[in-house]
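Encoded as structure tokens, the structure appears first; notes follow it.
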Amino acid sequence: MDHFLYHNGVLHAEGVPITEIAAAVGTPFYVYSAATLARHYGLLAEALAGLPHLICYSVKANGNLAVLKVLGDLGAGMDVVSGGEYLRARAAGVPGSRIVFSGVGKTRGELRLTLEGGIRQFNVESEPELRALSEIAAGMGLRAPVALRVNPDVDAKTHEKIATGKSENKFGIPIAKARAVYAEAAALPGIEVVGVDVHIGSQLTDLAPFRAAFEKVAELTRTLRADGHAISRLDLGGGLGIPYTRSNEAPPLPHDYGQVIRETVGNLGCEIEIEPGRFIAGNAGLLVASVIWLKEGEGRRFLIVDAAMNDLARPSMYGAHHDIVPVLEAAPGLEHGLYDVVGPVCETGDTFARARALPEMGEGALLAFRSAGAYGAVMASEYNTRPLVPEVLVRGDHFAVIRARPSFDEILGRDTIPEWL
Ligand code: LLP
């Protein structure tokens with residue numbers, strides 16, 4: 001459930017008509033619902049109730065400071081994958097003691113920045129990273145808290161570009177090698193081993209791969225403890241899938257996901273960390289656009305809208321489906337036509353949907369792409385010199401622009417023509 005519903009025939013974000021935001025901000029724009037973010041966070045907290053845990057929201061899904069503040073104020077931790085994301089989490093008021101740092105290519109500069117600023121845990125993905133971290137931490141008179149990210153060689157059964165848990169993927173330390181790397185970690189002066197980390201992929205719609213991975217983590221934890229390591233935390237990553245259509249999808253319920261966690265690692269006495277991104281933010285956001293032209297092609301009707309692949313990359317990048325709905329509810333019984341919904345960018349890949357059934361919509365009509373709260377604005381670019389799409393947050397009857405659309409002066413002002421040219 002989310003908080004984007006029709007009232008009196010107009011799509012609302014909580015108590016605010018989308019038409020009102022569109023009039024104030026112009027299209028295209030992203031709009032997020034604070035109540036939906038909080039609801040999804042709450043569902044996961046309920047699913048893990050009774051287990052010591054920290055929900056570390058994955059900042060990469062949607063890193064707007066206002067979104068991070070909504071979640072941080074609820075007690076969420078954060079999972080960051082760059083120095084920039086770390087600074088975002090801190091700027092939103094999240095203490096370093098609630099931030100975990102993941103990622104396969106952390107630079108020395110990023111390791112230093114986060115050690116200096118304070119960090120809960122590094123999820124280390126390779127031996128060179130481990131050695132560098134030890135060297136930097138020891139040089140600062142510190143011991144860096146570390147979980148090693150293990151690669152369990154489990155097929156997450158998701159889109160190939162977002163599966164991370166197979167041995168052929170670049171992520172983590174092969175689980176068969178883990179014991180040896182833990183032994184090395186324990187001997188390094190700047191490292192304090194605290195846990196085990198795993199993340200097998202994103203948009204998982206089946207719990208079986210989670211179960212398989214968590215079972216391997218449980219077994220490894222027992223082995224590592226027998227080897228003398230104090231394993232007190234298990235970071236189980238993110239990846240819980242969400243419905244992208246309203247009709248025929250039934251992704252796992254958070255409660256059942258929590259059950260899998262309890263059954264596999266619940267009796268180890270560890271603090272559980274999870275890193276959900278999409279589950280919290282995905283269905284908490286819409287991308288709102290308006291129709292530029294309706295173009296009659298040969299046997300096809302093209303709805304050309306003012307949002308494009310640079311604003312929401314998922315359809316062009318992963319062939320992803322996003323439900324598209326009119327902002328003004330179609331009258332019951334009104335006939336639907338089949339449209340190819342496309343953006344203005346000069347690439348055929350700039351297609352959001354083919355032969356999608358939609359009510360008649362003319363020039364200026366508003367429409368909304370659903371499930372756009374995660375991996376939407378964060379993946380946007382200014383390709384074709386289209387200004388970065390603005391973001392709006394709604395809570396109750398309030399709305400505010402939380403990232404403004406840049407002006408063309410700002411955009412052009414970022415470039416420099418060298419004096420000598
Ligand atoms: N933790 C780690 C280490 C990750 O790499 C990711 C996502 C997450 C947590 C959060 O996963 P989530 O709960 O959101 O599934 N751009 C793609 C998704 C890329 C996910 C990358 N890693 C998309 O639009 O589908």
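Miscellaneous remarks
- Ranked by the mean number of other Cβ atoms within 10 Å of their residues, highest first, the peptides 146-159, 286-299, 226-239 fall in the order 146-159, 226-239, 286-299.
- Shape category assigned to the chain from the gyration tensor of Cα positions, a/c cut at 1.5: prolate
- Label-point gap, in nm, between residue 104 and residue 298 - each point 7 angstrom along Cα→Cβ: 4.4 nm
- Taking amide H as placed 1.01 Å from N in the peptide plane, the amide H of residue 144 sits under 5 Å from that of 191, 192, each at least 5 places away or on another chain.
- Whole-Hz couplings from phi, Karplus 6.51/-1.76/1.60, listed for the range 139-154; x for Gly and Pro: x, 9, x, 10, 10, 7, x, 10, 10, 8, 7, 9, 9, x, 6, 10
- Model label points for residue 183 and residue 170, set 7 angstrom from Cα along the Cα-to-Cβ axis, are 3.0 nm apart.
- Highest-first arrangement of 304-314, 343-353, where packing means the average Cβ count within 10 Å: 304-314, 343-353
- Rounded if a/c under 1.5, otherwise prolate or oblate - the range 34-280, Cα gyration tensor axes: oblate
- Rounded, prolate or oblate (a/c below 1.5 giving rounded, otherwise prolate when a/b exceeds b/c) for the range 207-271 by Cα gyration tensor: prolate
- Here the accessible area is traced with a 1.4 Å probe on the protein chains. For the chain, carbon and sulfur cover 54 percent of it.
- Measuring against 18 Å, Cα to Cα, the residue pairs 177/216; 69/161; 60/166; 106/170; 166/216 contain 69/161; 60/166 as the ones spanning a longer distance.
- The residues of the chain expose on average 42 square angstrom of accessible surface per residue, using a 1.4 Å probe on protein heavy atoms.
- For the range 34-280, with +1 on Lys and Arg beta carbons and -1 on Asp and Glu, the positive-most of 270, 259, 136 along the dipole: 136
- Residue-averaged 222 nm ellipticity for the chain, from DSSP H runs of 4+ at -39500 (n - 2.57), nearest 500: -8500 deg cm²/dmol
The values are calculated or read from the model by the stated rules, or taken from the named source; none is laboratory data. What you are looking at is a predicted structure, and each value in this text was computed from that prediction instead of being measured. With ideal geometry, Cβ positions are generated from the backbone for all residues, glycine too; neighbour counts draw on all protein chains shown. All accessible areas refer to the heavy atoms of the entire protein, side chains included, with ligands and DNA or RNA removed. Shrake-Rupley method; radii C 1.70, N 1.55, O 1.52, S 1.80 Å.
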